[in-house]
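Q: Can you read through this structure? Questions will come right after.
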Amino acid sequence: MRQDVIAREVAAMTAAGLDAICSCSPENFAYVTGFVSPTQPLMRWRHAMAIVTADGAVSLVVVDMEASTIRAKAPGTEIAVWKEFSFDAMAVLAEALEKHGLANARIGLELDYLPAADYADLAARLPGATFAPAQALLARLRQLKTPGEIDILRKLSRIADRAITESYHAVSAGKTEMDLAAALTRGVYEQGAEYFKLMIVATGERSVFPNVGPTGRVLKTGDVCRVEIFPMIDGYHAGVCRTAAIGKAPAEAERIWANLTSCKHMLLDEIRPGASTRAIYERYLVMTEELKLPRISFIGHGIGLHLHEDPYLGPTADQPLEAGMVLGIEPLIYETGFGFGMQNKDMVLVTETGCELLSDFSDTDRLLVV
């Protein structure tokens with residue numbers, strides 16, 4: 001169990017008047033334990049739940065199919081097992097809560113994740129308990145990364161950056177998007193990623209599409225290629241995107257890339273503790289106005305156990321940045337009007353004095369040509 005995270009949750013419970021928090025999403029289960037229950041993200045009914053009490057006790061509730069895996073990863077931790085085809089997850093959870101004296105307690109629960117039918121079942125089994133929404137509390141805790149989380153995200157950032165750069169050098173005109181994807185997949189695993197959540201390979205006329213995977217499209221000289229991947233370790237993601245041209249850059253590409261590069265350096269200069277998320281986004285709007293091209297509604301976002309987390313550098317609620325936040329920053333223009341889209345996405349850590357570029361394998365000040 002991750003004792004630093006548990007201590008944070010205990011302090012937050014005290015401030016919120018909670019007797020326990022039950023984390024039931026894959027992200028917040030991993031936040032407490034340091035690992036993902038393998039199939040929970042794929043099958044929502046495969047409940048894996050972590051109970052943390054106000055005195056720091058931890059109990060896990062997991063499905064029988066995953067129990068041996070969880071026990072190996074969490075030796076010495078109290079584990080209650082429910083039977084998948086008996087559909088008794090809420091009964092086992094209620095028993096675990098009762099065991100810890102929480103039958104009449106105030107319990108924080110992820111009400112934005114637990115299915116309504118399961119919530120109704122749990123509430124009926126514990127009529128004396130009060131269930132309060134805990135999702136915002138947990139999301140706020142996760143904004144400020146622990147040293148261990150930062151180490152993972154730094155490693156993932158470099159894995160993604162290096163794998164994308166090397167995959168570009170593995171292809172040329174005449175190869176396909178699938179060839180690019182194959183090199184990229186090999187690269188993230190060779191460097192130690194356990195998994196990847198999303199791979200975007202968009203080349204030529206397809207580079208204007210935001211979140212598309214690879215196809216059999218053949219690469220041609222003059223193509224602009226957008227490649228992004230989110231490698232994973234212990235449930236954490238890093239998101240890095242690199243844009244390249246095949247053989248030579250098309251007309252207008254260098255001009256647009258120069259603007260996006262200036263935006264990147266502005267972000268690296270402006271991101272620091274106390275900086276306004278809204279003010280940074282508004283400066284981005286001013287800098288890209290000269291392009292007269294459509295822009296997306298944010299320029300960066302938190303990242304960690306989710307692909308997108310608060311805070312957003314966008315027209316959302318203004319929030320001062322704090323040391324320990326990790327952000328994905330992404331100057332981009334999908335629809336340039338010239339038949340291609342461009343994006344440069346990096347990972348940065350907010351430090352005590354500014355920010356640290358985590359995805360630092362490749363130099364993106366000039367458009368990569370392969």
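The values are calculated or read from the model by the stated rules, or taken from the named source; none is laboratory data. Computed from a predicted model, the values in this text were never measured in an experiment. Positions of Cβ are generated from backbone atoms using ideal geometry, with glycine treated the same way; all protein chains shown enter the neighbour counts. When the accessible area is computed, the model is the full protein with side chains, heavy atoms only, and any ligands, DNA or RNA have been set aside. Shrake-Rupley method; radii C 1.70, N 1.55, O 1.52, S 1.80 Å.
Q: Taking the range 26-45, which residues are farther than 18 Å from residue 11 by Cα and touching a helix residue (DSSP H, G or I) at 6+ places or on another chain (Cβ under 7 Å)?
A: Residues satisfying the conditions are 35, 36, 37, 38, 39, 40, 41.
Q: Could you list all residues from the range 114-135 that are in a helix (DSSP H, G or I) and surrounded by fewer than 13 Cβ atoms within 10 Å (Cβ to Cβ)?
A: 116, 117, 120, 124
Q: Follow-up question, since we're still on this one. For residues that are open to solvent by 30 Å² or more (accessible area, probe 1.4 Å) and within 22 Å of residue 160 (Cβ to Cβ), tally how many sit in the range 310-355.
A: Residues that pass the stated criteria total 5.
Q: Out of the residues in the range 200-235 that are within 15 Å of residue 165 (Cβ to Cβ) and touching a Phe, Trp or Tyr at 6+ places or on another chain (Cβ under 8 Å), which is surrounded by the fewest Cβ atoms within 10 Å (Cβ to Cβ)?
A: Checked the range 200-235; the qualifying residue surrounded by the fewest Cβ atoms within 10 Å (Cβ to Cβ) is 225.
Q: Now a separate question. Within the set of pairs 6+ apart or on separate chains, which have a first residue in the range 274-294 that is more than 19 Å from residue 337 (Cα to Cα), a second that is of a type in the set (Ser, Thr, Tyr), and C-beta atoms under 7 Å apart?
A: From the range 274-294, the pairs are 277/312.
Q: Considering only the range 4-21, I want to know if a residue exists there that is open to solvent by 30 Å² or more (accessible area, probe 1.4 Å), in a helix (DSSP H, G or I) and touching a strand residue (DSSP E or B) at 6+ places or on another chain (Cβ under 6 Å).
A: no
Q: From the residues in the range 236-279 that are among the small types (Gly, Ala, Ser) and open to solvent by less than 10 Å² (accessible area, probe 1.4 Å), which one is farthest from residue 166 (Cα to Cα)?
A: My answer is 253.
Q: Given the criteria within 16 Å of residue 97 (Cα to Cα) and either open to solvent by 10 Å² or more (accessible area, probe 1.4 Å) or of a type outside the set (A, V, I, L, M, F, W, C) (or both), does residue 57 qualify?
A: Spelling it out, residue 57 is indeed within 16 Å of residue 97 (Cα to Cα) and either open to solvent by 10 Å² or more (accessible area, probe 1.4 Å) or of a type outside the set (A, V, I, L, M, F, W, C) (or both).
Q: Across the range 79-99, what is the total count of residues that are closer than 19 Å to residue 55 by Cβ, open to solvent by 60 Å² or more (accessible area, probe 1.4 Å) and not in a helix (DSSP H, G or I)?
A: 0
Q: Give me the pairs, please: first residue somewhere in the range 48-66 and more than 13 Å from residue 21 (Cα to Cα), second residue anywhere and basic (Lys, Arg), beta-carbon distance under 9 Å, and either six or more positions apart or on two chains.
A: 62/46; 62/71; 63/46; 63/83; 64/83; 65/46; 66/46
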